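Take a look at the structure set out below.
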Amino acid sequence: MGGVVARFIELHGGMSLEDLTITHLREYVEAIKDLPAVTSSKKLRGQKLPDLLRIGKAAGVPAISDKTRARHVAMLKALTAFAPGQGYLSSDPWTAFKFIAPKGKHSAQKPRAPFTGVHVAQVLAMASKTDPATIDHWAPLLAAYQGARREEIGQLTGADVFEVDGVWVMRITDEGEGQKVKNAASFRTIPLHAAVIAAGFHHFAASRPKNEYLFREAERWGGKLNPMRADARGRLTEGYGKRFSRMLREKLNIKDKRLTFHSFRHAWEDAAEDADIPQTHRRDLAGRSKAGDSQAGYGNGPKVAALKGSLDKVDPLPV
């Protein structure tokens, strides 16, 4: 939020709230079309918005996405929407503004793509060589076999892995401090895949304190392992996401930009489809929305043992 406000001020200069008009917001949204997506290079670090736009464009640095521009708008509009209720403004000057992203060609879009079985095998082999106390070691395995999201994995604590009726499970929840879920459907307690059990994940989890995050990671440039820490936006796994991306591109030479950590989740869905797992089981295992399912409100849902039987059929590796 603070960075967005600072950029706005760098463009328009300081002004009183009463002087804000919808034109100011529209001009800001138009200006940041060329805002570099990455500003950490020596050439761009610390530059004010006008210079960022000029230098970034001249250097051919990729600009932020329309989705990011929309997020800037939402942050700024949240401030002026809040102001009248606190007596800072008599009315919201930006209430009528709507961000409309330009429509592009579908052929030009680059959606995420699933990993192939070969990709999964390559990543798991690389991850197996990392320190077994780290998220770098376990996250690929849990994503490949459990279909879990990156942040869901990163926020697991020692209390979130336990046994239910003799079946080892992991719990995705927002009950603990610092834990979040994407939506209501993301709350779930799911069995551990046989491959995850075989790798000893349940023993690792049992060795960790109940009230701490399971995984550790090194500082940016390596060194001593430390507990996972959230960034300024409250996200635990942004640093790991960057390390994972570098591993794909630099160590495994997987250059397709459509392939990211989330590609595990797409590959899991393909593997579940190949295994002919019931849709209700797939939905509960992956934490997908039940919207549109007229049967979702009936009964208590599949038992853990039934989900375990389905999950163990999922094989993301090449035949």
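The values are calculated or read from the model by the stated rules, or taken from the named source; none is laboratory data. A quick note: this is a predicted structure, and the numbers were derived from the prediction, not measured. Methodologically, a virtual Cβ is constructed for each residue, glycine included, from the backbone with ideal geometry; neighbour enumeration extends over all protein chains shown. Just the protein is used for accessible areas: all its heavy atoms, side chains included, with ligands, DNA and RNA removed. Shrake-Rupley method; radii C 1.70, N 1.55, O 1.52, S 1.80 Å.
Can you list residues from other chains, or at least 5 along the same chain, whose modelled amide H is less than 5 Å from the amide H of residue 168?
For residue 168, whose amide H was placed from the backbone, the distant partners under 5 Å are 192.
Which far-off residues, 5 or more places away or on another chain, put their amide H under 5 Å from the one on residue 188, with H placed in the peptide plane?
Those qualifying (amide H under 5 Å, at least 5 residues apart or on another chain) are 172.
If you average 1/r over all unlike Cα pairs in the chain and invert the result, what Kirkwood radius do you get in angstrom? Please list the in-between numbers first.
Numbers: mean 1/r = 0.0445 Å⁻¹.
Kirkwood hydrodynamic radius for the chain: 22.5 Å.
Sort 201-211, 16-26, 302-312 by the packing proxy (mean of other Cβ within 10 Å over each peptide's residues), most packed first.
Numbers: 201-211: 15.1, 16-26: 13.2, 302-312: 18.0.
Packing order, densest peptide first, comes out as 302-312, 201-211, 16-26.
Take the residue pairs 57/98; 43/242; 210/257 and return only those whose Cα atoms are more than 30 Å apart.
Too far apart for the 30 Å limit: 210/257.
How many percent of the accessible area of the chain is carbon or sulfur, using a 1.4 Å probe? Don't skip to the answer; put the middle values down first.
Working: 9600 of 18040 Å².
Here carbon and sulfur together make up 53 percent of the probe-accessible area.
Counting only heavy atoms of the protein chains, get the accessible area per residue of the chain (1.4 Å probe) and round it to a whole Å² value.
Ligands and nucleic acids excluded, the result is 57 Å² per residue.
State, in angstrom, two size descriptors of segment 1-150 derived from its alpha carbons: Rg to one decimal place and Dmax to the nearest whole number.
Both quantities, over Cα of segment 1-150: 21.1, 61 Å.
Go through segment 145-154 residue by residue and turn each phi into a ³J(HN,Hα) via Karplus (6.51, -1.76, 1.60, θ = phi - 60°); whole Hz please, and just put x for glycine and proline.
9, 9, x, 7, 6, 4, 5, 4, 5, x
Give the angle, between 0 and 90 degrees and rounded to the nearest 10, that separates the Cα long axis of helix 263-274 from the longest principal axis of the Cα atoms of the chain.
40 degrees
Residues with amide H under 5 Å of residue 63's amide H, sequence separation 5 or more or different chain, H placed in the peptide plane at 1.01 Å from N; which?
37
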